[in-house]
Amino acid sequence: MPADDDDKKIIIEAIKNASFKVSNLEKFYNSRGEEIPVKPVLWLCRCGASKNKPFCDGTHKSSGFSDEKTEHRLKDRWRDYSGQKIIVHDNRSLCSHSGVCTRGLSAVFNTAKRPWIHPDGAPANDVAEIVKKCPSGALSYTIDGARYPESESEAAVIISKHGPLNVTGGIEFKDEHGEKPASVARYSLCRCGASKNKPFCDGSHLEVKFRDENN
């Protein structure tokens, strides 16, 4: 790739024990779907304590923020739930607990039941459409022996209300620890500072009652 093209590539980089550096982003949305003005480089808070959320104000330096994963995090592993026409794959360590699946198709996704995923609870196409809406990439599916191709979407960062940064469109992610999102098309990055699976969201914002009143 020519150097000038590389300079225009959208990249999110997790700076060690600091913020997210986002380069060349064109589409940045708040939780209401409104566009937020962008600059060639954005510095986004991930310690959860900035007084200028979603932007970094340097508070991570005084708060003692650490981007290390914790020992008691959920294991990074996939579990398969097989139906007659569709297999749903689930990785609990990546789940941001957005509720898209449980609200969208409770006949299939119901955390009050075991197993919590019942693939034959609805037509396979309906199940597939809900899985495609999972913002964190924790859910995927297989039909007719083929794992579904990543759907095309806009390269964007969307602020989830009181929650993570949802990334779409295959934006490259870099991390000193070598972390990579499970899905190149969609992943959720922690910005409350409490995830046990940093840099990715694990739903801890709900436990710590993270609030971002401006978005």
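Per-structure values
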item	result
Selection count, region 141-184, where residues are modelled with pLDDT under 95, touching a Phe, Trp or Tyr at 6+ places or on another chain (Cβ under 8 Å) and either farther than 26 Å from ALA49 by Cβ or polar (S, T, N, Q) (or both)	3
Checklist (1) free of Cβ contacts under 8 Å to residues at least 12 places away in the same chain; (2) surrounded by 12 or more Cβ atoms within 10 Å (Cβ to Cβ); (3) among the hydroxyl-bearing types (Ser, Thr, Tyr) applied to SER62, failing item	(2)
Residue count, region 85-110 (criterion: free of Cβ contacts under 8 Å to residues at least 40 places away in the same chain and open to solvent by 70 Å² or more (accessible area, probe 1.4 Å))	2
Conditions (1) within 16 Å of ASP202 (Cβ to Cβ); (2) open to solvent by less than 50 Å² (accessible area, probe 1.4 Å): number failed by LYS69	(2)
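The values are calculated or read from the model by the stated rules, or taken from the named source; none is laboratory data. Note that the structure is a prediction, hence the values are computed from the model and not measured. Neighbour counts are summed over all protein chains in view; Cβ atoms, including those assigned to glycine, are modelled from backbone coordinates with ideal geometry. Side chains included, ligands, DNA and RNA excluded: accessible areas come from the protein's heavy atoms. Shrake-Rupley method; radii C 1.70, N 1.55, O 1.52, S 1.80 Å.
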